[in-house]
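A.B. asks: Dumping the structure here so I can ask a few things about it.
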Amino acid sequence: MPLTWIFDLDNTLHDTNSKIFPVINKKMAQYISQKIGVSSAQANIIREDYWNKYGSTLRGLIKNYHINPAQFLEETHHLPNINELICPMRNLRRTLRSLKGRKIIFTNGPKNYALTVLRLSGILIYFDEIHSIEDSLLNGKPSHSGMRQFLSKHKIKNAVFIDDERLNLRTANRYGLKTVWLNQGSKKPNYISQKIRHLDDLLTLKV
């Protein structure tokens, strides 16, 4: 059966902790502060709490404050200097070019953001499909309903799921996917098939 490679985007294909996430996180905190009338410090606490509790800040804001999701995504991911913020993982193009099979992006980020990152990284041509938070009907990883919808839409049968967030991989494991955790140091949980330190370790991985 042909193999499908499912890739997370942020902190999997490019390093977002260095430059992009600090900018996006600040924009999210500003949005929260303005919309619900709390201090910047409290807004940042809410942002982190919702990320940990719901898998995304957006999901928590929809559930608790009924915010406009399209407006939130537009304001928080508007990055005029995004080309200066992208830090692709090492040997990224060679890694993707060498992996045989269908390749899909599964991200909790918005579609336009994902397309821009892939295009500026020079890797858009390697992906057959992009599944964004809009495609997940705003119910992204690690939710079970989001995973079921993703698997059904893309007719996933035999696949490897690569992500830096272990909770996303735990859900993927529940649906029979092989899971690869991109992580530098933490101990591998039992629900994760394999752990790699760098993305290009996929080239020597047996799946």
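A.B. asks: Where in the range 1-82 are there helices (runs of 4 or more DSSP H), lying wholly inside it, with at least 1 residues that are within 20 Å of the chain's Cα centre (by Cα), surrounded by 21 or more Cβ atoms within 10 Å (Cβ to Cβ) and not aliphatic (A, V, I, L, M)?
C.D. replies: On the way: elements: 20-36, 40-54, 57-65, 69-76.
Where helices (runs of 4 or more DSSP H) fall fully within the range 1-82 and carry at least 1 residues being within 20 Å of the chain's Cα centre (by Cα), surrounded by 21 or more Cβ atoms within 10 Å (Cβ to Cβ) and not aliphatic (A, V, I, L, M), they are 40-54, 57-65, 69-76.
A.B. asks: Could you please let me know if Leu151 is closer than 18 Å to Ile133 by Cα, surrounded by 21 or more Cβ atoms within 10 Å (Cβ to Cβ) and free of Cβ contacts under 8 Å to residues at least 40 places away in the same chain?
C.D. replies: no
A.B. asks: Determine whether Asn68 is closer than 20 Å to Glu165 by Cα and not assigned by TED's automatic domain parsing to the domain that holds Met147.
C.D. replies: no
A.B. asks: Just for helices (runs of 4 or more DSSP H) wholly inside the range 88-207: which have at least 1 residues that are more than 24 Å from Glu74 (Cβ to Cβ) and either at pLDDT below 95 or not basic (Lys, Arg) (or both)?
C.D. replies: 92-98, 144-154, 166-174
A.B. asks: Of the residues in the range 1-60, how many are farther than 16 Å from Glu74 by Cα, without any contact (Cβ under 8 Å) to a residue 60 or more places away in the chain and of a type outside the set (Ser, Thr, Tyr)?
C.D. replies: Residues meeting the conditions: 18.
A.B. asks: Please pick out the residue among Thr171, Thr179, Thr116 that is free of Cβ contacts under 8 Å to residues at least 60 places away in the same chain, in contact with a Pro (Cβ under 6 Å, 6 or more places away or on another chain) and not acidic (Asp, Glu).
C.D. replies: Thr171
A.B. asks: Filtering the range 164-207 down to residues that are of a type in the set (Asp, Glu) and in contact with a Ser or Thr (Cβ under 6 Å, 6 or more places away or on another chain), which residue is surrounded by the fewest Cβ atoms within 10 Å (Cβ to Cβ)?
C.D. replies: My answer is Asp200.
A.B. asks: Which of the residues that make up the range 136-157 are under 13 Å from the mean Cα position of the chain (by Cα) and of a type in the set (D, E, K, R)?
C.D. replies: Lys141
The values are calculated or read from the model by the stated rules, or taken from the named source; none is laboratory data. Only a predicted model underlies this, so the values are computations on that prediction, with no experimental measurement involved. Because the Cβ atoms are built from the backbone with ideal geometry, glycine has one as well, and the counts that use them run over all protein chains shown.
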